[in-house]
Amino acid sequence: MSKAAIYEAFSSILATKQQFAIVTHTNPDGDALGSALALAETLTQAGHEATVLIPNMYPSFLAWMPGLDKALIFESQAQAVRSVLENSTYVFCLDFNGFKRAGSMSDDLAKTKRPFVLIDHHIDPETESFALMYHDLAVSSTSELVYLFLKGLQLDHFINEDVASCLYVGIMTDTGSFSFALKNPDTFRIVADLVQKGIDAERLHRLVYDTFSENRLRLLGHAITNRMMILETYKSAIIALSLHDLNEFNFQIGDTEGIVNYPLSMEKINFAVLITEKKDQIRLSFRSKGSFSVNDFARKHFDGGGHHNAAGGNSYLGMKETISRLLKIIPDYAQDLDYNY
């Protein structure tokens, strides 16, 4: 379905009052929260009911975001979340392309007998799960897509300072503070419009990037100094953080955010992996520079996926076994990783 057809279909939906559930992926980041909160506030201003549903707790450095205090968190408010899903007329899925990315909420989404609307920019969406799809790989972020969605529906006059702040955070964080995913000049035009709405861009940057706790900063130093392995032959780096490491620095949700990007600041590194140990699984974050697709790598080997240069995956082996498996796989990509960026 073309975007014009989606605008027409959704304009018809918005002609009568609706109850919308707006769902983010598990371990929500700035783009997931920013896009969801912005959409919820805009739909509310337009006369509808809209509730943001989050599978698990969000990082503390995003707790200030406008409207987040009204969101429901499934891991602590499961019955309230189920009630919203049951009473909704439509369910938006933002910044994820399949129900399993909703983590602990995935089963409840699969059971929900409501039409689903996808707004997302990830590869290979589960098309069979969604009644309407507003999907584009060429944009920087889901927040940018939400901006375009609202503009296409002629709802952009509802983009006030709070909505603009949420969208700006989504774009800023999903581009690594405007350092990648910036091939479309429209991204900068959208950001300029958000600034014109009255946001304080410098303040928003400080709220996201300059609010580290001492423990978070010390964890970063420990990760780089003591837990980073360099594979020079393959232009790769691995950082592995065990439960013991995380507990030693009083780990809080969001404390490992961005650690995987640091090895890529070295000229000789094209591929970086962060491995973090959870209670029931191992989580892997993959990043790359240039031509190496971590999306393909994650999909093939670690039941994951994402973007060309940023993806995630899972391992159900132990930490040592996961590292060992990774070390056996990476040499198979020696030729793919041997380039200058």
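Using the Stokes-Einstein relation with a Kirkwood hydrodynamic radius computed over Cα pairs, the translational diffusion coefficient of the stretch 214-337 at 4 °C and a viscosity of 1.567 mPa s comes to 90 µm²/s.
Beta bridges from DSSP with both residues in the chain: antiparallel share about 45 percent, rounded to the nearest 5. Restricting attention to the stretch 214-337, close to 75% of DSSP beta bridges with both partner residues there are antiparallel.
Taking the Cα centre of the chain as reference, the dipole from Cβ charges on Lys and Arg (+1) and Asp and Glu (-1) amounts to some 420 debye. The mean sequence distance of close C-alpha pairs (under 8 Å, at least 6 residues apart), as a share of the length of the stretch 214-337, puts its relative contact order at 20 percent.
Just so you know, the Rg over Rh for the stretch 3-209 is 0.93, from Cα atoms, with Rh as the Kirkwood radius.
Among 304-316, 244-256, 21-33, sorting by the average number of other beta carbon atoms lying within 10 angstrom of each residue, highest first, gives 21-33, 304-316, 244-256. Inter-part distance, the stretch 70-95 to the stretch 198-239, computed on C-alpha centroids, equals 32 Å. Averaged over residues, the count of other Cβ atoms within 10 Å places the peptides 234-243, 291-300, 119-128 in the sequence 234-243, 291-300, 119-128, highest first. When a/c reaches 1.5 or more, the comparison of a/b and b/c decides; with that in mind, is the stretch 225-291 rounded, prolate or oblate per its Cα gyration tensor? Since a/c reaches 1.5 and a/b is larger than b/c, the shape of the stretch 225-291 is classed as prolate. Dividing the summed helix terms, -39500 (n - 2.57) for each DSSP H run of n ≥ 4, by the number of residues in the chain produces a 222 nm estimate of -11000 deg cm²/dmol to the nearest 500. Residue by residue, the stretch 135-150 carries 3J(HN,Hα) couplings of 10, 7, 7, 8, 9, 6, 6, 5, 4, 5, 5, 4, 4, 5, 4, 5 Hz when phi is fed to the Karplus relation 6.51 cos²θ - 1.76 cosθ + 1.60 (θ = phi - 60°); x denotes Gly or Pro.
Projecting the Cα atoms of Q18, A110, G67 onto the charge dipole of the stretch 3-209, computed from C-beta unit charges around the Cα centre, puts Q18 farthest toward the positive end. A protection proxy built from the mean count of other Cβ atoms within 10 Å ranks the segments 329-335, 152-158, most packed first, as 152-158, 329-335. Once you keep just the Cα pairs under 8 angstrom separated by 6 or more residues, what percentage relative contact order results for the chain? Relative contact order, the chain: 13 percent.
Only the coordinates and a few stated rules stand behind these numbers; no lab work does. Just so it is clear, the structure is predicted and the values come from calculations on it, not from any experiment. All Cβ positions, even for glycine, are placed from backbone atoms using ideal geometry, and neighbour counts span all protein chains on display.
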